[in-house]
Every structure is written in structure tokens, then in C-alpha cells.
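Quick notes on the structure that follows.
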Amino acid sequence: MRLPAVLLLGLVGLMLAGCPGGGDAPETPTAGPTLSTVSPTAAPTPSATATPDPYATMPTDQIEARGWLQKVLGPSSFSPPCPEKLNAAGVGCAQGDATGDGMTELAYLVPVKPTGGKTGYPAAVFVRGGRSQKLEEFALDLTADASILGHAFFQMKDRTGDGRADLSYIQNICGATGCSSRAVVLSWDGTAWRDVGPGEAVSNVDAISWDDSGSGNVLVIHGGKLPADAPPEAGPTRAATTSYKLAGGRYVSANVTKDPPEYLYHAIEDADAAFEDDVAGSAVLYRKAIDAKDLKDWKLKADGADRRSGLVGYALFRLVLIEASQGRDPNPAIDRVIKESKEPLFVYLAEAFRNGIQVRGGLVGGCAEANLYLHTPQAGGADPGAYIAQLFNYGYANPPGSKWIAKLCPF
């Protein structure tokens, strides 16, 4: 059978399209990228680990303080002992030959920031140097003071006269009724460190220094007045300047100078001190106390009764004793007590004293009758001793009122 011409031509076209070299050339595939054009992905460079700055974080306890100091000092100590970074971190430094071996010891006052919200300026104390380079530790309970005052007192100088440097720092001691401070003076005795500072602590110290102007080292401390936020039951207090001198291998109190009185109680206290040394001369101080209107009157409670009358009555009666002790007629002074004293106790006491002079005779007879009254229960069972103890109760920071009964008429 013969195919139609049109169909035959179509088959020939299909055969030519499938043969190489025939018709249009096939598309050339796109070449893939060569190795020379591939950019390898670089591996990330590990970042260097920063070395922690030991000065950035201060220690929080004694153990950390030791480790911190050893880290910043390194295998050998610094010279000078306080480079700028230590100063910036609040570390106090001092140096001197404490052992007498010709080599320098370095002392460090390291402030500590304890946790728990505690306030103050606690610090640890370390001494390093000498031949062994051993790190000695003091104030293990972190009672050393790193305040401005504590830094100023942190020194290594000869305070015992043996030619060797002694280490001094302030120790703070806190309890239920507040804080007090004492001067620690560490001296090397050849085998160990020994504290030769005063054994007593002073409350609310605001100045402490060494006075080297005289013939020897004198330690001077000012303090003793309780802070304004002290409990009212503490009573009136005032500051004093105490000088300590070395005696028997230890610093002991040599002189106490009290600040001028702010309270009437302290004016009477000064007059009593003068009475012990110079009976006649103390009269001027009792008169000043009687007339002092500018001195404060301490009260346990703001709305409490006026307590001035007890102290003024006491001063008026002391003038009676002074007159009698000088051989003068005490009756005008007795009359003044009866007329001016607003405290009945001293009116009765003055009358008993006058009766004693008339019956027994003299100063001693007057006091004998007055003391008999003080120790005799009154009508209704009233105890004069208990009354006096309450009348002269000026808080726990002062001698108890019960001691006053013995000094009302001491002859």
C-alpha cells in the first residue's frame, strides 16, 4: 500500500530532526563552577578569654581577703607597698622593720564588703615581709576599721621605744547598746606579736592620733558621747579627750579632759570632781550649776517630769557641807536650801543636818544625823534609799542612782 505524499514528508522531517548534524544544534549545557571559583567558608576564630581583673571585685570575708591579697601581691611583695591600683581599691599600707632584722615588713589593711547588708567599714589586717615572707593575719573577725579615720591611724612606727616598728590600727567592737573602738598597737617581742594598746574601748570615737611633740609617744583619743540615735534610756553622755602613755609595757590612761557640759548633770559631775580635790574651791562650780539656765535637763521621756530640781537641791546642800567644812556657820546655807529647794528630800536633809550640828556638834555630827534620816524608813514605809536611786537615775551610761546615797553627806 502506498502512503500519501503529505504523510511521507512528515516522517522524513522527524528522522532528520533526530540525526546529528541535521536541523538546529542542541542546546549546550551550562558548565558548573570550577574549583578555582569556589570560596571556602572560613572557620570562626575563637575569641580570647578575658583575664578577670582582681581589683574589680573586693573580698567579702576573711578567707577571700587573704586569697585576694595573695593574688594581687604575687610571689614577691611590692616596693613601695601600695601601688596605685591598691590605693584605688581602698587598701591601706604601711611599712617598717618590725622584727629588727634589717628587713622591711609590709602591712596591709584590706577592706571587706560583707554580705547581708552590714554597714560600717570592716577590714582584715595582714603583715608580710622579713626573711620568711610569711603572711601574718590579724583582725580575723573583720573588726579592723577601714574608714578614713582607720586609714589615718594605720601605721608602722616605733611606739614602744625599742627601735622597732609597731603596727597600729583601730578595732571596732559592736554590741546591743552600740559600738566602741580601741587602739590596737602590735609590737614584736622577739617570738610573737603582742598587743600593747589600751585595754579599754571608747564609744563613738571621732578622733584618734599619736602626739609625738613631747618626750615620747602619746596616744590621744576623743570620744565617749553616744550618737544622737542612741536609746533615750542611755542617759546624757559627753565626749572626753583621753591621753595614754606607755607604762609597764602597755599604754594606760594618763589624763582625761572632758568636753564642756551640755547637761546640768555634767555640770554637777564636774563640781563633784572638784569637791574631791578641793572642797572650798568647788563652791564656785556648784553655784554656777545652780544658776545655769542654758544647760539641758535630761528626761527619760519627752513628757517626763522636770529633773532639774533634784540636781539643784543637791548643789544647794553641797554648799551647806562646804560652809561647815571650812568652820563657818552653815545656818544661812541651810536656810537657803529650805527656802529655794523644790525637791523635798533636801529640805528634810538640811533640817536633819542642822539638828545634828546642834545635838551632836560639828560637821561630822551633822552628817551623822543626815545619814540616819537617809537610812530610816519613813511614815508609810517609804524607803529614802529607793527614792534617791530613782531620783538620780540618769540612764545606764552613768553611775546608778543607788550610789548617790553614799555621797549626799560623806563626812
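The alpha carbon centroids of the stretch 277-292 and the stretch 355-379 are separated by 24 Å.
How would the stretch 323-411 be classified by its alpha-carbon gyration tensor: rounded, prolate or oblate, with rounded meaning a/c under 1.5 and the a/b versus b/c comparison settling the rest? It is prolate, given that a/c is not under 1.5 and a/b is the larger ratio. Split the accessible area of the stretch 214-282 by element, probe 1.4 Å, and carbon with sulfur accounts for 53%.
Under the combined filter of DSSP loop state and at most 14 neighbouring Cβ atoms within 10 Å, the stretch 265-295 retains these trypsin sites (Lys or Arg not before Pro): LYS293.
The residues of the stretch 307-411 expose, per residue, 47 Å² of accessible area to a 1.4 Å probe. Rounded, prolate or oblate: which one fits the stretch 195-297, using the alpha carbon gyration tensor with axes a ≥ b ≥ c (rounded when a/c is under 1.5, else prolate when a/b beats b/c, else oblate)? It comes out oblate by the Cα gyration axes. Computed on the stretch 105-195, with alpha-carbon pairs under 8 angstrom and 6+ residues apart, the relative contact order is 18 percent. Using a Förster distance of 22 angstrom, determine the FRET efficiency expected from the C-beta separation of ASP229 and LEU300, and round it to 0.05. Computed FRET efficiency for ASP229 and LEU300 comes out at 0.85. Ligands, DNA and RNA are left out, and with a 1.4 angstrom probe the accessible area of the stretch 149-218 is 45 Å² per residue.
Applying the Karplus relation 6.51 cos²θ - 1.76 cosθ + 1.60 with θ = phi - 60° to the stretch 198-210 yields 3J(HN,Hα) values of x, x, 8, 10, 10, 6, 6, 5, 10, 7, 8, 7, 9 Hz, where x marks Gly and Pro. Remark: for residue pairs LYS293/LYS342; LYS225/LYS296; LYS85/LYS157, the C-alpha separation exceeds 18 Å in LYS85/LYS157.
The values are calculated or read from the model by the stated rules, or taken from the named source; none is laboratory data. Computed from a predicted model, the values in this text were never measured in an experiment. Neighbour counts run over all protein chains shown; Cβ positions are idealised from the backbone, glycine included. Accessible surface areas use protein heavy atoms only, side chains included; no ligands, DNA or RNA. Shrake-Rupley method; radii C 1.70, N 1.55, O 1.52, S 1.80 Å.
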